[in-house]
Structure formats: C-alpha cells, structure tokens
Amino acid sequence: MDAGFPDRDLWPLTFVGIALVLLSLIDRRPRTALLLGFVAGMSFYLIHIEWATLFLGPVPMLALSFLQSLFVAVGALLISLAYRWCASAWPSTLGRLGLLPLIVAGLWTAREAISSTWPYGGFAWGRASLSQFQGPFSDLFAWLGVSGVSFVMVALVALAIEAVRLGSAPRLLRGVVVVGALGAVVLVPVFPVLLQGTSTIAAVQGNGKAAYFDTREQGDLLTAQFEATEPLFDAGYDLDMVVWPEGATDIDPLQSAYAAGVFDYVSERLDAPLIAGAITQRGDKFFNTSLLWEAGEGAVDYYDKKHPVPFGEYVPDREFWEPFAPDLIGLIGREYTPGTTDTVFDVNGTIAGINICFDITDDAVMTDAVRSGAQVLLAQTNNADFGRTDESVQQLAIARIRALELGRSVVNISTVGTSAIIAPDGSIIDQLTSYTADVMVAEVPLSTTVTPAVPLGRALEIFVSGFGLAALAIASTTERKRRV
C-alpha cells in the first residue's frame with residue numbers, strides 16, 4: 001500500500017493494499033480481526049512515516065504508528081463484523097453487490113476521518129486517497145473531496161471482492177456491476193474551473209540550516225533566505241508578491257529592528273509585499289506565524305498556525321506524558337499557541353489563502369480559505385527536519401491534491417524542498433531542486449470557482465461514515481434476533 005504513495009508513485013498498488021486488508025478480514029473472529037488490523041496498520045505506518053525518526057528518533061515514530069494502528073485495528077474489527085452480519089442481514093445478490101461494499105467503504109472512511117482529527121487534532125497522513133494525485137481517480141477530488149475519494153476507492157475494491165465471492169450469481173450480472181461502477185468513476189468529467197487572471201509570484205527556497213537541531217548562529221536563516229532572494233533584485237520582474245517559507249527567519253521581525261529592516265528592504269527593492277514565516281511572540285505566547293509585510297508599513301496582516309503539531313510544536317498534557325519519556329519531551333521547550341486568525345491575506349486585491357506545513361493535510365483549514373475568498377493558496381513549509389526522506393514528496397503530492405480538490409493554484413514553498421508551483425489541474429508549473437538556494441517566478445492562475453468538494457466534502461464524509469456505522473448497527477440487531 002505504501003508503494004502507491006510517493007516516492008514510488010505506483011498508485012494502482014494502493015488498491016492492491018486495500019484488497020489485501022479486506023480479504024484478510026472476511027470470516028475472521030473479532031480478536032483475530034483486531035490483530036490483523038493492527039499488523040496491517042503497523043506494516044504500513046512504520047514504512048510510510050519512517051521520515052519521522054529523523055526529528056526526534058524512533059520512539060515518537062513508533063508511538064505515532066502504534067496509535068494509528070489502533071485506529072486501523074478497530075476499523076478492521078468493524079469491517080470484519082460487517083462481512084459477517086451484513087451478508088447475513090441482506091443475503092441477496094443486490095445486498096451483497098449493492099449494499100455491503102458501501103457499508104465496508106463507509107466504515108473505512110469513518111476510521112480515516114476520526115484518526116485524522118482525534119486526539120490532539122489527529123494525524124491525517126496516509127489516507128488512501130492521498131495516493132491518487134495522478135491516475136484516473138484524480139478528477140474525483142473536486143467533486144467529492146479527500147474522504148469521498150477514499151470512500152469510492154474502498155467501495156470499488158469491496159465490490160470487486162464480492163463479485164468474485166458470489167460464485168452462484170450470474171457472471172454477466174457480476175461483470176456488468178463491477179465494470180459499470182468502474183466506468184462510472186473513470187468517466188466522471190473534470191469539474192470546470194474558471195480562471196480569472198494571474199498573479200506574478202516569486203517563491204524563494206533559501207536552503208538555510210532550518211532543521212530543529214541544526215547548529216547555526218542567530219540570523220543564519222534570515223541571511224540564507226535574503227541571499228537566495230538577491231537575484232530577483234535586478235531581474236526586472238513586475239511582481240505582485242514574494243513568498244518565503246515557514247521558518248524563513250530565525251529573528252522575529254516584530255521584535256527586531258534589524259529583521260524588520262531586512263523585510264523592508266526586500267519588499268522595497270522588489271516593489272511587492274513579502275509573505276514570510278517567522279516565530280513570533282506576543283506577551284508570553286509563541287506562534288508559528290506567516291506575516292504579510294509591506295515596506296514602510298511593517299506587518300499589515302498575519303496568520304498564526306491554527307493546529308500546531310502535537311509533540312513537535314507543543315506538548316499536550318505535558319505533565320501526563322513527560323514521565324514516560326522525559327528526555328524526549330524535554331527537547332520540545334517552546335510551546336506554540338494555536339492561532340485564531342483567519343486564513344487569508346488581501347495582497348493588493350488578490351486574496352491569498354495561507355497554510356503552514358501540516359495545515360495542508362487539514363481539510364477544515366484548507367476549505368475555510370476558499371470559503372473566505374482565496375484565489376490562490378500559499379503553502380509555506382519547513383521540511384528540513386525530514387532530510388531527503390519521502391516526507392517532502394508526500395507533502396507535495398498532498399498539495400497537488402488540494403489544487404485539484406479546491407480548484408486553486410498552490411505555491412508550495414519550502415526551506416529546503418520540495419518546492420513547486422502547482423496549477424489548479426494539479427500539474428507542475430515550476431519546481432526547484434531540493435537542497436539548493438533558488439527562486440521560482442511564475443504567472444500563477446487565479447480562480448474564484450467553488451468546487452463541489454468545498455461545500456459538500458465534509459457533509460459527504462459524515463454521511464458515508466454515518467451510513468456505514470448505522471448499517472452495521474442495524475445488521476447487528478438482525479443478527480441477534482436470528483440467534484434468538
């Protein structure tokens with residue numbers, strides 16, 4: 001299943017992975033289903049998020065994989081019960097081919113949805129649909145959203161499995177159902193996104209020492225970012241905005257006259273607002289912030305990251321967790337406060353949606369920006385803690401899916417890579433080589449089109465999840481009555 005994601009990009013293998021999980025759960029006892037689900041979860045996550053070991057070592061990655069695998073185990077138990085109870089409650093060919101696959105897919109989607117938001121904001125990495133930024137299913141994102149595409153993927157696999165298992169049903173009927181369902185998905189039209197002009201955007205990858213444990217002098221990051229920007233000064237571009245990544249400066253320009261002067265100079269020389277990531281302090285609280293900076297005026301707007309990463313950017317319930325790993329917990333000395341600001345900047349009339357690092361996986365944050373009028377999305381990130389692992393290319397794939405889902409160009413700019421400017425159709429407009437100091441400049445398409453996924457994606461997630469759980473509950477009562 002992991003091979004369906006970057007960097008292997010063998011997207012059909014995700015379906016094989018789903019099939020292996022589902023097949024292993026048919027006719028299993030509850031405890032066996034739990035164990036199989038846990039093993040499947042650990043087998044996937046230990047490979048898929050191996051990059052997390054570079055930041056704090058293997059223990060946090062093992063803990064995160066263990067937690068996510070518990071969710072997979074519970075989901076596997078429910079799916080196993082669905083195969084037992086629902087097939088008994090609705091034993092007809094229609095029930096087996098038309099209802100059971102939808103129930104199984106609903107339960108899978110419910111598990112993904114819950115683990116993506118709970119606890120402490122959840123962990124949305126590794127959802128099945130996040131492997132499908134290319135291939136025939138990519139056009140579905142604009143219609144159904146991330147959870148909706150996961151639902152369709154699992155439903156199709158479950159349908160194919162039931163068609164094979166129903167050996168007594170007419171072969172023609174089984175073939176028509178499976179081929180018809182697959183054809184209906186593949187033939188879904190591309191949602192029309194109306195482009196309304198462009199914005200000339202420069203995005204700068206500074207390639208500074210941006211990792212948490214990098215040895216650096218104060219100002220090194222700001223200097224690296226500034227030096228990478230210098231080639232723009234005499235290039236003659238008529239820029240609408242300049243974008244620096246998360247963690248672009250290690251000196252807070254709201255507190256330091258020197259850093260503020262650098263920001264002023266860049267904005268003045270390029271005659272364009274600068275949008276840059278910084279750690280800011282207000283009172284005794286720290287924030288992971290994106291600043292909209294204009295020469296002579298300073299910070300005219302800012303976005304504070306709404307969901308800092310637990311055990312990375314802050315420690316939830318520190319008093320409880322610290323005794324389990326005091327040395328590791330002690331490494332996270334600075335506690336970022338969740339932001340309450342809106343997610344858009346008005347950049348001289350262009351509305352830019354702002355998201356920082358793992359915000360790109362947060363359905364609510366991303367759709368909120370579009371609801372607030374964003375014409376382009378700026379994804380600022382710092383991937384330096386994950387080195388040359390799969391993390392940055394996985395994150396870029398998610399950014400491409402967001403472009404498809406929301407009908408917006410995405411400027412994905414990192415401190416070290418992978419940085420790229422993405423069109424609303426998910427294609428790459430420009431891309432930088434990782435671990436180089438470089439600049440992208442492009443005429444980035446703008447849009448105000450609202451795809452169906454924006455107003456309906458969350459509702460669809462709730463509906464299909466609720467349907468799966470409700471159907472399983474009904475089947476369980478039928479099973480109890482049958483036993484009585």
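Here, each number is a calculation from the coordinates, and none is a lab measurement. Remember, predicted model here, so these are calculated numbers, not experimental data. Glycine gets a Cβ as well: all are built from the backbone with ideal geometry, and neighbour counts include every protein chain shown.
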| Expected-Rg normalisation [2.2 N^0.38 Å, Cα atoms] applied to segment 265-356 | 1.34
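Taking the Cα centre of the chain as origin and charging only Cβ (+1 Lys, Arg; -1 Asp, Glu), how large is the dipole, in debye to the nearest 20?
Numbers: 30 positive and 49 negative charges, 769 e Å.
Once rounded to the nearest 20, the dipole reads 3700 debye.
Calculate the all-directions average of the projected area of segment 19-106's alpha-carbon convex hull, and give it in nm².
Working: hull surface 23.5 nm².
Mean shadow area of the hull around the Cα atoms is 5.9 nm².
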| task | Before rounding to the nearest 500, sum -39500 (n - 2.57) across all DSSP H runs of length at least 4 in the chain and divide by the residue total; then give [θ] at 222 nm in deg cm²/dmol. | result | -14500 deg cm²/dmol
| task | Give the angle, between 0 and 90 degrees and rounded to the nearest 10, that separates the Cα long axis of helix 171-186 from the longest principal axis of the Cα atoms of the chain. | result | 10
| remark: Given the candidates Pro231, Gln395, Ala384, the one whose Cα lies deepest towards the positive end of the charge dipole of the chain, counting +1 at each Lys or Arg C-beta and -1 at each Asp or Glu C-beta, is Gln395
| query | lysines near Lys285 by alpha-carbon distance under 26 Å, same-chain residues fewer than 8 away left out - which ones? | reply | Lys209, Lys305, Lys306
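Taking 8 Å as the Cα distance limit and 6 or more residues as the minimum spacing, I'd like the relative contact order of the chain as a percentage. Show your work: numbers first, answer last.
Numbers: 973 pairs, mean separation 89.6, N = 484.
Once divided by the residue count of the chain, the mean separation gives 19 percent.
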| task | Using R₀ = 30 Å, calculate the FRET efficiency as 1/(1 + (r/R₀)^6) where r is the Cβ-Cβ separation of Phe66 and Thr341; round to 0.05. | result | 0.30
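Considering just Cα atoms, how many Å³ per residue does the convex hull of segment 351-484 enclose? Present the calculation step by step, with values, prior to reporting the outcome.
Values: hull volume 17.2 nm³, N = 134.
Hull volume normalised by residue count: 128 Å³.
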| query | How far, in degrees from 0 to 90, does helix 220-229 lean away from the longest principal axis of the Cα atoms of the chain, to the nearest 10? | reply | 90
| said: Per 0.36 nm of contour for each residue apart, how much would the distance between Tyr258 and Arg31 grow if the chain were fully extended, relative to their Cα-Cα spacing? | reply: 75.5 nm
| query | Once all Cα-Cα distances of segment 195-450 are split into 5 Å bins that start at 0, what whole-number percent is in each one? | reply | 1, 6, 14, 19, 21, 18, 12, 5, 2, 1, 0, 0
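Place a +1 charge on the Cβ of each Lys and Arg in segment 195-450 and a -1 charge on the Cβ of each Asp and Glu, then give the dipole magnitude about the Cα centre in debye, rounded to the nearest 20. Please list the in-between numbers first.
Numbers: 14 positive and 39 negative charges, 79 e Å.
So the dipole magnitude of segment 195-450 works out to roughly 380 debye.
For Tyr212 and Ile462, calculate 0.36 nm times their separation in residues minus their Cα-Cα distance, and state this gained length in nm to one decimal.
Values: separation 250, 0.36 × 250 = 90.00 nm, distance 3.75 nm.
My answer for the length gained is 86.3 nm.
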| task | Working from Cα positions, state the angle (0 to 90°, nearest 10) between the long axis of helix 100-115 and the longest principal axis of the chain. | result | 30
| request: May I ask what percent, to the nearest 5, of DSSP beta bridges between residues of the chain are antiparallel? | output: 65
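Take peptides 95-103, 256-264, 416-424 and line them up by average Cβ neighbours within 10 Å, highest first, as a rough protection proxy.
Packing proxy ranking, top to bottom: 416-424, 95-103, 256-264.
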| message | Check which residues have an amide H placed less than 5 Å from Ile351's amide H, if you skip close sequence neighbours. | response | Gln375
| query | What is the set of long-range amide H partners of Val243 at a cut-off below 5 Å, with H atoms built 1.01 Å from backbone N? | reply | Ala202, Ala203, Val204, Ile275
| task | Pick out, from Leu70, Leu159, Ala110, the residue whose Cα sits farthest towards the positive end of the charge dipole of the chain, with +1 on the Cβ of Lys and Arg and -1 on the Cβ of Asp and Glu. | result | Leu159
| query | Radius of gyration and Dmax for segment 95-156's Cα atoms, expressed in Å? | reply | 12.2, 38
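For segment 316-358, what does the alpha-carbon gyration tensor say about shape, rounded, prolate or oblate, given a ≥ b ≥ c as the root eigenvalues, a/c under 1.5 as rounded, and a/b over b/c as prolate?
Numbers: a/c = 4.94, a/b = 3.74, b/c = 1.32.
The shape class here is prolate.
For His48, His307, what ranking results if the residue with the fewest other Cβ atoms within 10 Å of its Cβ goes first? Please report the intermediate quantities before stating the final value.
Numbers: His48 19, His307 22.
Listed from fewest to most nearby Cβ atoms, that is His48, His307.
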| remark: In vacuo Debye sum over C-alpha of segment 48-146, base-10 log of normalised intensity I(q)/I(0) at q = 0.14, 0.16, 0.20 Å⁻¹, listed in q order, is -0.70, -0.85, -1.08
